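S.K.: Dropping the structure in here first, questions after.
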Amino acid sequence: MATASIPPTTEARDVFRELGYTVSDGGREFVAERKWRRVFVTVLCLDDDDLDPYLADGDDAARLRCFVTWRDRAADLQERLVAAKPPYDWAVIGIDRDGEDFAVMEGAPGSP
């Protein structure tokens with residue numbers, strides 16, 4: 001079991017691969033691609049992560065964003081994103097501490 005202060009980077013890559021995506025190399029930020037869809041993924045632990053640098057719009061590759069964290073922190077991350085109102089489509093994936101299961105939480109209704 002991973003500790004809370006370590007982001008679920010390996011688990012995030014495993015989730016996207018399980019969903020049929022090709023995953024780029026990289027650290028806590030990577031690109032997951034499947035057919036026409038390109039998702040910019042950011043993995044956070046939220047213990048000491050400042051969310052602001054990750055909220056920038058970036059280029060066209062960042063139009064679909066997914067933020068991944070531990071499942072017990074996912075609701076907090078979703079609330080922070082709803083309040084921040086980023087200018088792109090986004091979702092949050094919360095991963096169980098054992099890495100065996102995950103939940104997808106969509107962005108706010110009516111968000112871009």
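S.K.: Could you give me the residue pairs with C-beta distances under 6 Å whose first residue belongs to segment 63-86 and is under 13 Å from L51 (Cβ atoms), whose second residue is among the hydroxyl-bearing types (S, T, Y) and buried (at least 16 other Cβ atoms within 10 Å of the Cβ) wherever it lies, and which are 6+ apart or on separate chains?
M.R.: R65/Y88; F67/T42; L77/T69
S.K.: In addition: Search segment 5-21 for residues being out of contact with any Cys (no Cβ under 9 Å at 6 or more places or on another chain) and among the hydrophobic types (A, V, I, L, M, F, W, C), and hand back the single one that is farthest from I93 (Cα to Cα). Don't jump to the end; show me each part of the working.
M.R.: Start the filter on segment 5-21 by keeping residues that are out of contact with any Cys (no Cβ under 9 Å at 6 or more places or on another chain), which leaves 9-11, 13-15, 17-21.
Checking which are among the hydrophobic types (A, V, I, L, M, F, W, C) leaves us with 15, 19.
On the way: V15: 9, L19: 13 Å.
Only one residue tops the list, namely L19.
S.K.: Filter segment 8-54 for residues that are of a type in the set (F, W, Y) and outside any helix (DSSP H, G or I); which is nearest to the chain's Cα centre (by Cα)? Break it down stepwise before answering.
M.R.: From segment 8-54, those of a type in the set (F, W, Y) are 16, 21, 30, 36, 40, 54; that's our starting set.
Pick out the ones that are also outside any helix (DSSP H, G or I) and you get 21, 30, 36, 40.
Working: Y21: 14, F30: 10, W36: 19, F40: 8 Å.
Only one residue tops the list, namely F40.
S.K.: In segment 47-75, what residues are modelled with pLDDT under 90 and either aromatic (F, W, Y) or over 17 Å from R28 (Cβ atoms) (or both)?
M.R.: Y54, D57, D59, D60, R63, L64
The values are calculated or read from the model by the stated rules, or taken from the named source; none is laboratory data. Everything quoted here is computed from the prediction, not taken from an experiment. Don't worry about glycine lacking a Cβ; one is built from the backbone with ideal geometry, like all the others, and counts go over all protein chains shown.
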